[in-house]
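Student: I'd like to ask some things about the structure below.
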Amino acid sequence: MFRQILFCLIVITGCNNLQDTKVHKLEKMSSPGEWLILQRNYPDFTTKEEAFKSALGQTLAFRSSNANNWNYAWTLEGPTNIGGRFNCITLNPTNNAIMYAGSASGGIFKTTDNGTNWNPVFDDQPWLSISCITLQPGNTDVIYAGTGDKNISGTPFVGDGIYKSTDGGITWNHSGLASSRIISEVVIDPTNTNIVYAAAMGTPFIKDNNRGVYKSVDGGATWTQSLFVNDSTG
């Protein structure tokens with residue numbers, strides 16, 4: 001119903017991109033959840049990524065500065081009939097009791113007891129949408145995680161490129177390709193693990209050149225675009 005009302009408002013105003021004053025009026029009319037969805041409904045609106053990134057940074061800074069007061073008690077309020085959506089599960093080939101699961105919007109979970117218990121290992125990062133998790137052949141402590149949700153919906157979750165861990169997911173470092181927004185796959189050359197390929201989707205619905213296949217020859221330190229079809233093809 002809300003989107004139908006919004007559509008009528010857009011038609012009446014005669015424009016797709018509402019002026020700031022009209023946007024503020026819609027913001028006041030909306031609940032926080034409705035307003036968040038409204039901002040993610042392209043092409044009527046587009047999220048200001050720099051503002052979103054700034055807000056994430058402020059949240060992380062607040063959490064760090066209030067670490068002693070961050071242990072709030074949580075109670076289950078429901079609903080209880082909804083399951084989380086995971087984009088990938090990666091099995092450690094040398095120890096099948098160790099697995100990693102990448103959530104569409106909730107980070108990475110790791111189990112060391114064949115799935116009996118799971119622990120989040122990516123929550124300290126600002127972008128929690130995960131598309132792929134790749135373990136390095138011969139050294140499974142080295143992990144590449146591609147951020148962004150490759151199962152694109154009307155309100156897609158984006159990321160900021162690739163993250164790399166060298167200690168089995170305990171710590172992570174950003175490994176580049178932030179502007180590619182959705183990394184749908186990472187493949188490591190088994191004969192030379194310094195060579196890594198990444199498939200980039202780019203920002204959904206918006207034409208840009210940060211798409212295609214990227215290649216690294218130094219273990220993810222730097223990347224070059226090795227395949228580019230056009231600004232609309234990931």
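Read the figures in this text as sums done on the coordinates, not as results from a lab. What you see is a predicted model, and the numbers here were worked out from it, not measured in a lab. Neighbour counts run over all protein chains shown; Cβ positions are idealised from the backbone, glycine included.
Student: For Ser54 paired with Thr222, estimate the spin-label separation in nm (one decimal), with each label point 7 Å from Cα along the Cα-to-Cβ line.
Tutor: 3.2
Student: Can you list, largest first and rounded to whole Å, the semi-axes you get for the range 86-234 by taking the square root of 5 times each eigenvalue of its Cα gyration tensor?
Tutor: Values: eigenvalues 119, 67, 27 Å².
Over the Cα atoms of the range 86-234, the semi-axes work out to 24, 18, 12 Å.
Student: Sort 204-217, 125-138 by packing, meaning the average of other beta carbons within 10 Å per residue, with the highest value first.
Tutor: Working: 204-217: 16.8, 125-138: 20.3.
Sorting 204-217, 125-138 by mean packing, highest first, produces 125-138, 204-217.
Student: Would you please give the residues with an amide H less than 5 Å from that of Leu227, counting only those at least 5 places away or on a separate chain, with H modeled from the backbone geometry?
Tutor: Long-range HN contacts for Leu227: Val213.
Student: Whole-Hz ³J(HN,Hα) for each residue in the range 167-184, computed from phi via Karplus 6.51 cos²θ - 1.76 cosθ + 1.60 with θ = phi - 60°, x for glycine and proline: what do you get?
Tutor: Using θ = phi - 60°, the values come out as 10, x, x, 5, 10, 9, 10, 5, 10, x, 6, 4, 6, 7, 6, 10, 9, 7 Hz.
Student: Let me ask something else. Under a 5 Å amide H to amide H cut-off, with H placed in plane at 1.01 Å, what residues pair with Gly202 once short-range neighbours are removed?
Tutor: Ile182
Student: Let me ask something additional. Can you compute the modelled spin-label distance between Asn114 and Asp208, with each label point 7 Å from Cα toward Cβ, in nm?
Tutor: 4.4
Student: Once each part is reduced to its C-alpha centroid, what is the distance from the range 184-234 to the range 124-173 in angstrom?
Tutor: 14
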